[in-house]
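The values are calculated or read from the model by the stated rules, or taken from the named source; none is laboratory data. Predicted model only: the values in this text are computed from it and were never measured. All Cβ positions, glycine included, derive from the backbone under ideal geometry; neighbour counts span all protein chains shown.
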Amino acid sequence: MGSLAKFFLTTAIDYVNAEPHLGHAYEKIAADVIARFHRLAGDDTFFLTGTDEHSLNVARRAQEEGLTPKEFCDRMVAAFQRAWEVLDIRYDRFIRTTDEDHVATVQEIVRRINEHGYIYQGTYAGWYCVSCEKFLNESDLVEGRCPLHPTRKVEWVEEPNYYFALSKFQERLLEHIEKHPEFVRPESRRNEVLNRIREGLQDISISRSTVDWGIPLPIDPNQVVYVWFDALINYVSGAGFGGGQGEKSGKFNYWWPADLHIVGKDITWFHCVIWPAILMAAGLPLPRTVFGHGFINVQGMRLSKSAGVVVDPIRLAEEYGSDAVRYYLMREFSFGKDGDFSIAGLRDRYNADLANDLGNLLNRTLAMIDRFLGGVVSRPIESAPVGGAAGVAEAPGPPGTVAAAGMLPQPDGAGDERDRALRRTVREAVANYRQRMEALELSEALEAVWAVIDDANKYIDEKAPWDLAKSRERRGELELVMYQLAETLRVVAILVSPFIPKAAVGIWQQLGLAGAPAEAGLRSCEEWGGFPGGIRVRRGAPLFPRLEEEKETGRAGGTDGEAGQAGTAVEAGEAGTAGEAGEAGLITIEQFAQVEIRVARVLAAEKVAGADKLLRLDIDVGGEKRQIVAGIAKYYTPEELVDKEIVVVANLKPAKLRGLLSQGMLLAATSPDGKSLALITPERPVGAGAKVK
């Protein structure tokens, strides 16, 4: 605590009825990225996450395993904490709803709301979903089941309860949400919440009389607090409300209200309506923003423990590394929208973005510094002395070099237009990155960083340091180019540190820098020239070794997910084999004849929203119009494809990508280094539908 701006963010707390899956990890990684960004920006940051333990599901699972509910929870909590450790999630407090200060806070809030006249006795009769611990009206059911848990039966419950007068807060809630557009985000969730409130609010049950596992209701010890009412209050107990001090607690007064609640879109109603009504009833300030993120699906199916559609984040991180998992989830899916997970997509992002783009930039730069400059990067003597920078071991440049003589010009005004263009790219990206991160546009923030990485790789190709190194007269140009690349990598390491913290530290160390990128702060990226001179780089092993091609239709469990329990393998339909391969991987002419390859004409093309690598094409395959989704947006614009003749596999089984049906596959050639791609096209026009033989 101090004079810094404060930022308090929370995630939803997780049910502990089963081990964590990738959906839990997605939310926690996103929150961790946001927390790390605010620390990087200099904000005093508090990140709260935890577990929701007082559910009927937990009590039943514990009974099945011969444990008390608390013993079962202790075991499951350890599994969640282990997962977050493996994924490099650094929270400031892990709250449990069985914690003493939380129990005390819940009881105090209930007493206060009761004293304010918003709790009354009644009898509940209706449907209850044990899986999501939610009371349901008949109109909520789909074919007699909970829409979120269609594999589980709902239960009829009839019992005396205590009710919270939610209906009394309808106008106040409408007024608050309408006056504060930032309260519910994104806009689509806000509209859903407003429309539902306008339909009218009903009072809700806040206690259970037929359940023993829970926090005793302070106004009637024969009942326990309804699990959702209990769970929501964790945000104020985690901020320091408990301990008998309430608002008098200095910690609570400092941190509350929360700046950001991050929750799944399925529980925005609880957080945007019930939770603020509870706070209004208790006389406490409302949080500033509730952000409802989308779901991660596997082949169109929502990740769900109850449905058996599960991807184990620990096994995923063990196989590909925590940075790769974090990067893929934050880059591939636009925060706030649904996304479809696949191992193929993860591997593609790993190889294309991390191994090829970022990894090659680092490896090429350090190799050239070693080879051409004796491993030492110089800095202009006008801006800082060569060597002797704070926290950096002094290492003079090789004798006879411009670095040793301290003759490099000021970095921010040096060089030709291409040198200045790289610096502009970096400055613009830093500003764009900050803006995107503050707007919670996480994928777009990474896109801004990768614009720098792409430009730096092009800069190497265009400046050709290997040619500059051949001429002593051009030594100054060479030193400037290598300084610019080192400085660019310094900035990149800082910007990616919230997303891929281990790799960011690796870049930092290989550059020979002291400390860590997270300690440097975002402000150090806003002025060019922060890379100190006279330090020796420490080239190491590649941070992201390229993954070998993997041909498989998927593994139903473990890393690929356990969707096989629901009747499908995670990657099914993505590989599409035509039959068993012959000896030594060869195929027969009969097998090849099964593949129908035709020429198609592109009628229209457009980018796929939220997927920077995909284009959607309308094609004519000889009188038949089809749709194809292809990962070529990095290499072709939609405009240059229209009216082009391309070659497609016409009898491939259709598959869904980003919710769009792809009815075929276009053919293209990729360069050996994976950096360029060219469509296979006829030498001259032959007409749509022509068969390739």
Item to check | Residues (hydroxyl-bearing (Ser, Thr, Tyr) and at pLDDT below 95) located in the range 456-488 | outcome: Ser471
Next on the checklist: Of all residues being among the basic types (Lys, Arg) and farther than 22 Å from Ala439 by Cβ in the range 173-230, which is modelled with the lowest pLDDT? Just the residue, please.
Outcome noted: Arg208
Item to check | Residue list for the range 323-377, restricted to those being free of Cβ contacts under 8 Å to residues at least 40 places away in the same chain and more than 24 Å from Val86 (Cα to Cα) | outcome: Gly374
Checklist entry - Can you name the residue in the range 292-305 that is over 20 Å from Asp612 (Cα atoms) and buried (at least 19 other Cβ atoms within 10 Å of the Cβ) and is also modelled with the lowest pLDDT among such residues? => result Lys305
Checklist outcome for this item: In the set Val649, Val629, the lone residue that is touching a Gly at 6+ places or on another chain (Cβ under 9 Å), at pLDDT 90 or above and on the phi < 0 side of the Ramachandran plot is Val649
Checklist outcome for this item: Within the range 520-539, restricting to residues that are farther than 16 Å from Arg424 by Cα, in a helix (DSSP H, G or I) and in contact (Cβ under 8 Å) with a residue 40 or more places away in the chain, the one that is nearest to the chain's Cα centre (by Cα) is Leu522
Checklist entry - Among the listed residues Glu479, Glu462, which satisfies the condition of being surrounded by 21 or more Cβ atoms within 10 Å (Cβ to Cβ), of a type in the set (D, E, K, R), in contact with a helix residue (DSSP H, G or I) (Cβ under 7 Å, 6 or more places away or on another chain) and assigned by TED's automatic domain parsing to the domain that holds Gln435? => result Glu479
Item to check | the range 499-519, residues that are of a type in the set (Phe, Trp, Tyr) and in contact (Cβ under 8 Å) with a residue 40 or more places away in the chain | outcome: Phe499
Checklist entry - Of these, Ala605, Ala600, Ala688, which one is farther than 30 Å from Glu548 by Cα, hydrophobic (A, V, I, L, M, F, W, C) and in contact with a Leu (Cβ under 7 Å, 6 or more places away or on another chain)? => result Ala605
Checklist entry - Could you say whether any residue in the range 52-72 is in a helix (DSSP H, G or I) and closer than 16 Å to Ser237 by Cα? => result no
Checklist outcome for this item: Note on the range 36-51: residues among the charged types (D, E, K, R) and closer than 15 Å to Ala520 by Cα are Arg36, Arg39, Asp43
Checklist outcome for this item: Selection over the range 482-526 where residues are acidic (Asp, Glu) and either surrounded by fewer than 20 Cβ atoms within 10 Å (Cβ to Cβ) or over 22 Å from Ile460 (Cα atoms) (or both) yields a count of 2
Item to check | Residue identified as at pLDDT below 75, on the phi > 0 side of the Ramachandran plot and surrounded by 13 or more Cβ atoms within 10 Å (Cβ to Cβ) among Glu133, Glu143 | outcome: Glu133
Checklist entry - Quick one: in the range 150-169, which of the residues that are surrounded by fewer than 17 Cβ atoms within 10 Å (Cβ to Cβ) and in a helix (DSSP H, G or I) is farthest from the chain's Cα centre (by Cα)? => result Lys168
Item to check | Extreme residue, modelled with the lowest pLDDT, among residues of the range 332-352 that are surrounded by fewer than 22 Cβ atoms within 10 Å (Cβ to Cβ), over 15 Å from Val298 (Cβ atoms) and not aliphatic (A, V, I, L, M) | outcome: Gly336
Next on the checklist: Here is a check on your reading of the model: is Glu247 out of contact with any Cys (no Cβ under 8 Å at 6 or more places or on another chain), surrounded by fewer than 17 Cβ atoms within 10 Å (Cβ to Cβ) and over 17 Å from His102 (Cα atoms)?
Outcome noted: no
Item to check | Yes/no for Arg90 being touching a Pro at 6+ places or on another chain (Cβ under 7 Å), at pLDDT 95 or above and either among the small types (Gly, Ala, Ser) or farther than 30 Å from Val211 by Cα (or both) | outcome: no
